[in-house]
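Since the structure comes first, as C-alpha coordinates, the remarks are kept for the end.
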Amino acid sequence: MRDPRLSMTINTEVVLSGQFISDQDPFAEYMWMENEEEFNRQVEEELWEEEFMERCFQEMLEEEEQWEWFIPSRDLPQLQEVRDLVMNSSLNPNAKEFTPGIQKHIM
(Lines give C-alpha, C1' and ligand atoms only; values in the text may rest on other atoms or scores of the structure.)
Protein backbone atom coordinates (compact mmCIF):
# COMPACT_ATOMS: atom_id res chain seq x y z
CA MET A 1 0.00 0.00 0.00
CA ARG A 2 1.20 3.52 -0.75
CA ASP A 3 2.22 5.95 1.91
CA PRO A 4 0.01 9.11 1.48
CA ARG A 5 2.79 11.35 2.82
CA LEU A 6 5.14 10.16 0.04
CA SER A 7 2.69 10.91 -2.76
CA MET A 8 1.97 14.33 -1.28
CA THR A 9 5.65 15.24 -1.21
CA ILE A 10 6.11 14.20 -4.82
CA ASN A 11 3.04 16.15 -5.98
CA THR A 12 4.16 19.41 -4.36
CA GLU A 13 7.63 19.23 -5.95
CA VAL A 14 6.47 18.71 -9.54
CA VAL A 15 7.14 21.78 -11.68
CA LEU A 16 5.74 22.02 -15.20
CA SER A 17 7.78 23.66 -17.96
CA GLY A 18 10.27 25.06 -15.50
CA GLN A 19 7.67 27.60 -14.26
CA PHE A 20 6.61 28.01 -10.65
CA ILE A 21 2.92 28.54 -10.28
CA SER A 22 2.22 31.42 -7.93
CA ASP A 23 -1.06 31.79 -6.08
CA GLN A 24 -0.53 35.53 -5.58
CA ASP A 25 -0.19 36.46 -9.28
CA PRO A 26 -2.64 34.66 -11.57
CA PHE A 27 -0.81 36.00 -14.64
CA ALA A 28 2.66 34.81 -13.62
CA GLU A 29 2.40 32.01 -16.15
CA TYR A 30 2.12 34.58 -18.96
CA MET A 31 4.89 36.97 -17.88
CA TRP A 32 7.16 35.67 -20.64
CA MET A 33 4.89 37.47 -23.12
CA GLU A 34 5.92 40.83 -21.70
CA ASN A 35 9.09 40.90 -23.83
CA GLU A 36 7.76 38.86 -26.73
CA GLU A 37 8.42 41.56 -29.36
CA GLU A 38 12.05 41.97 -28.29
CA PHE A 39 12.50 38.20 -28.23
CA ASN A 40 10.99 37.88 -31.72
CA ARG A 41 13.27 40.65 -33.02
CA GLN A 42 16.35 38.91 -31.61
CA VAL A 43 15.35 35.54 -33.07
CA GLU A 44 14.64 37.11 -36.45
CA GLU A 45 18.01 38.88 -36.40
CA GLU A 46 19.79 35.61 -35.59
CA LEU A 47 17.99 33.89 -38.47
CA TRP A 48 19.02 36.66 -40.88
CA GLU A 49 22.62 36.36 -39.70
CA GLU A 50 22.58 32.59 -40.20
CA GLU A 51 21.15 32.99 -43.70
CA PHE A 52 23.74 35.66 -44.55
CA MET A 53 26.59 33.44 -43.30
CA GLU A 54 25.27 30.49 -45.31
CA ARG A 55 25.06 32.63 -48.46
CA CYS A 56 28.61 33.93 -47.94
CA PHE A 57 29.89 30.41 -47.39
CA GLN A 58 28.18 29.17 -50.57
CA GLU A 59 29.66 32.07 -52.58
CA MET A 60 33.10 31.28 -51.20
CA LEU A 61 32.73 27.63 -52.25
CA GLU A 62 31.60 28.66 -55.73
CA GLU A 63 34.62 30.97 -56.08
CA GLU A 64 36.95 28.18 -55.03
CA GLU A 65 35.44 25.87 -57.63
CA GLN A 66 36.26 28.41 -60.35
CA TRP A 67 40.00 28.34 -59.57
CA GLU A 68 42.19 25.76 -61.21
CA TRP A 69 43.77 23.71 -58.47
CA PHE A 70 47.36 22.47 -58.46
CA ILE A 71 47.38 18.71 -58.93
CA PRO A 72 50.91 17.29 -58.65
CA SER A 73 50.28 14.23 -60.81
CA ARG A 74 48.98 16.44 -63.58
CA ASP A 75 50.98 19.66 -63.18
CA LEU A 76 54.46 18.45 -62.24
CA PRO A 77 56.72 16.92 -64.87
CA GLN A 78 56.83 13.17 -64.75
CA LEU A 79 59.87 11.44 -63.22
CA GLN A 80 61.16 10.30 -66.64
CA GLU A 81 61.07 13.87 -67.94
CA VAL A 82 63.11 15.04 -64.93
CA ARG A 83 65.68 12.28 -65.47
CA ASP A 84 66.01 13.24 -69.13
CA LEU A 85 66.58 16.88 -68.18
CA VAL A 86 69.26 15.93 -65.66
CA MET A 87 71.05 13.55 -68.02
CA ASN A 88 71.13 16.07 -70.88
CA SER A 89 72.09 19.03 -68.69
CA SER A 90 75.26 20.98 -69.43
CA LEU A 91 75.60 22.10 -65.79
CA ASN A 92 78.51 20.86 -63.69
CA PRO A 93 77.09 18.77 -60.80
CA ASN A 94 80.40 19.12 -58.91
CA ALA A 95 80.45 22.93 -59.01
CA LYS A 96 80.45 24.88 -55.72
CA GLU A 97 77.23 26.49 -54.65
CA PHE A 98 76.85 30.10 -55.71
CA THR A 99 76.53 32.53 -52.79
CA PRO A 100 75.69 36.12 -53.74
CA GLY A 101 77.81 38.83 -52.20
CA ILE A 102 80.94 36.68 -51.72
CA GLN A 103 83.56 37.18 -54.35
CA LYS A 104 86.73 35.10 -54.36
CA HIS A 105 88.86 35.50 -57.42
CA ILE A 106 91.81 33.25 -57.60
CA MET A 107 94.11 33.82 -60.51
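The values are calculated or read from the model by the stated rules, or taken from the named source; none is laboratory data. Model, not experiment: these values are computed from the prediction. Methodologically, a virtual Cβ is constructed for each residue, glycine included, from the backbone with ideal geometry; neighbour enumeration extends over all protein chains shown. Calculation scope for accessible area: heavy atoms of the full protein, side chains included, ligands and nucleic acids excluded. Shrake-Rupley method; radii C 1.70, N 1.55, O 1.52, S 1.80 Å.
One line per residue, one yes/no per condition, for (1) in a helix (DSSP H, G or I); (2) open to solvent by 100 Å² or more (accessible area, probe 1.4 Å):
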{"position": "GLU36", "(1), (2)": "yes, no"}
{"position": "ARG41", "(1), (2)": "yes, yes"}
{"position": "GLU50", "(1), (2)": "yes, yes"}
{"position": "GLN58", "(1), (2)": "yes, no"}
{"position": "PRO77", "(1), (2)": "no, no"}
{"position": "SER90", "(1), (2)": "no, yes"}
{"position": "THR99", "(1), (2)": "no, no"}
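Restricting the search to segment 12-25, which residues are open to solvent by 100 Å² or more (accessible area, probe 1.4 Å) and either at pLDDT 75 or above or touching a strand residue (DSSP E or B) at 6+ places or on another chain (Cβ under 9 Å) (or both)? GLN24, the sole residue that qualifies.
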